Amino acid sequence: MTNNTPLQLDSLWLGASVATMKDGRYNAIEKAAIGVFAGRIVWLGEAKNLPEYQAKQEHHLAGGWITPGLIDCHTHLVFGGNRAGEFEQRLNGVSYQDIAKQGGGIASSVKATREASEVELIESATRRLKSLMADGVTTVEIKSGYGLSLDSELKMLRVATELGNEQPVTIKRTCLAAHAMPPEYDDKDAYIDYLCDTVLPKIATLGMADAVDAFCEGIAFSTEQVARYFKTAADLGLPVKIHAEQLSSLGGTRMASSFKALSSDHIEFIEEADVIAMAESDTVAVLLPGAFFTLKETQRPPIDLLRQHGVKMAIATDANPGTSPALSLRLMMNMSCTLFALTPEEALAGATIHAAKALGMSDTHGSLEVGKVADFVCWDVESPGESQLLVRR
């Protein structure tokens, strides 16, 4: 293209300011313009500096702020049944661990999910997904983990795939087969063997997952068991994530960091050695304030340590039927500020660029930059600092 050739655009967006979130900062551009061609941003800057252009469509916005589309990087959106009764149990003093030992918790959702048809799971998950999308979410990670058998895990992952085909949203699929013990097993090592020998190879062969996850906790699987599971995932070319240090400190985060994990999630009980390991492996810390709030936890993630060592912090809903029945990522952004003392800028970064990194997609999503996917939302606010109270246009 010569200097005399007009910039060719499919669409041009004018009339709003932009918080690019490049490098996790607002990097505000007031009175901005965004030029899009073939689904990518090809021009971004102050509108007064626009070169000569030809656009098929022009969109003139009446003020407000454009941000990257929000990214919910940790959800359990596909499940059967509900666990509303457990909320009442917890209010009556029964702990999450005790509920799990009584056959509730994840085991209850496994039974209901196995019994549900794919059509039923798609219908219920679509309602949840649309709630997130109405909140400004354009990318959603969906975990399996309520199947705990090859057929049921594949069923959940097929549902997640279909949701991405049916709705205008990007779906990332995570195999969380090491979530809990299925009822037909009473030996954790034997179940991990089954996952390594049968489940993960089949899922990898079919291309049904973008990543692999595990629950490393006393009520779930040990660090050593998860390490075997992750070794198989790595051998199959699948990146890993981990639920770790939610209820106790077991060293799961350090172990996962040795596998260059995309993220370690929950992490209320991580110690400085864990944080250092995360910094060295560039593993994202995913904060889940919804579960913290619902379970009435008192141990907060060590935010200052994460800042000190430069660990990137993402925020997600952890949308699930029991411990975080939340379908508003904006509410989680608010909670991360009010409960964990993040700044509004950190909260917005946690739901955009750092959430993208937690899903291995920060090269294409999460910030507004030339060359990246044109994935953005306009909010009716006067400054990007209102990210906790956003109203979408």
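The values are calculated or read from the model by the stated rules, or taken from the named source; none is laboratory data. In this text the structure is predicted, and so the values were computed from the model without any measurement. For neighbour counting, all protein chains shown are included, and Cβ atoms are generated from backbone atoms with ideal geometry for every residue, glycine included. Ligands, DNA and RNA are stripped out before the accessible areas are found, and what is left, the full protein with its side chains, is counted by its heavy atoms. Shrake-Rupley method; radii C 1.70, N 1.55, O 1.52, S 1.80 Å.
Using R0 = 45 Å, the C-beta based FRET efficiency linking residue 343 and residue 112 works out to 0.70. Between residue 38 and residue 298, the modelled labels are 5.8 nm apart [label points 7 Å from Cα along Cα→Cβ].
For segment 115-214, run through the trypsin sites (Lys or Arg not before Pro) and keep only the ones in DSSP coil with at most 16 other Cβ atoms within 10 Å of their Cβ.
Taking segment 115-214 and a limit of 16 other Cβ atoms within 10 Å, no loop trypsin sites (Lys or Arg not before Pro) are found.
In the chain, the DSSP-assigned H stretches of four residues or longer account for a calculated mean residue ellipticity at 222 nm of -10000 deg cm²/dmol, using -39500 (n - 2.57) per stretch and the full residue count as denominator.
Computed over neighbours whose Cβ is under 13 Å from that of residue 238, the net charge equals +3, Lys and Arg +1, Asp and Glu -1. Spatially, segment 49-96 and segment 172-212 are offset by 28 Å when compared through their Cα centroids.
Modelled spin labels at residue 307 and residue 282, positioned 7 Å past Cα toward Cβ, are 2.4 nm from each other. Within the listed set 178, 234, 256, the Gaussian network model of the chain (springs between alpha-carbon atoms below 10 Å) gives the highest mean-square fluctuation for 234.
When the chain is fully extended, how far beyond the present Cα-Cα distance does residue 248 get from residue 101, taking 0.36 nm per residue of separation?
51.2 nm
Taking the DSSP beta bridges with both ends in segment 1-127, the antiparallel portion is around 60 percent.
What length, rounded to one decimal in nm, is gained on full extension from residue 167 through to residue 331, with 0.36 nm per residue of separation minus their alpha-carbon distance?
56.8 nm
Exposed loop sites are taken as GluC sites (Glu not before Pro) in a DSSP loop (any state but H, G, I, E or B) with at most 12 other beta carbon atoms within 10 Å; the longest stretch of the chain without one runs 185-381. Computed over segment 184-328, the P(r) tail beyond 28 angstrom holds 18 percent of alpha carbon pairs.
Restricting to the chain, what percent of DSSP beta bridges are antiparallel, rounded to 5? Bridges in the chain that DSSP calls antiparallel: roughly 35 percent. When the C-alpha to C-alpha distance is required to be over 24 Å, the pairs from 172/372; 172/312; 22/231 that qualify are 22/231. Neighbours of residue 247, meaning other residues whose beta-carbon lies under 11 angstrom from its beta-carbon, give a summed charge of -4 when Lys and Arg score +1 and Asp and Glu score -1.
Between residue 82 and residue 386, what is the FRET efficiency for a Förster distance of 25 Å, r being their Cβ-Cβ separation, to the nearest 0.05?
Once the sixth-power term is evaluated, E becomes 0.15.
With N the number of residues in segment 248-390, Rg(Cα) / (2.2 N^0.38 Å) evaluates to 1.03.
For the set 365, 74, the ranking by accessible area, highest first and with no ligand, DNA or RNA atoms included, is 365, 74 under a 1.4 Å probe. Computed with a 1.4 Å probe over protein heavy atoms only, the accessible area of residue 269 comes to about 70 Å². Our note on the geometry: Cα centres of segment 245-303 and segment 221-236, 18 Å apart.
The shape of the chain comes out prolate: with a ≥ b ≥ c from the C-alpha gyration tensor, a/c is at least 1.5 and a/b beats b/c. If R0 equals 35 Å, the separation of the Cβ atoms of residue 184 and residue 123 corresponds to a calculated FRET efficiency of about 0.80.
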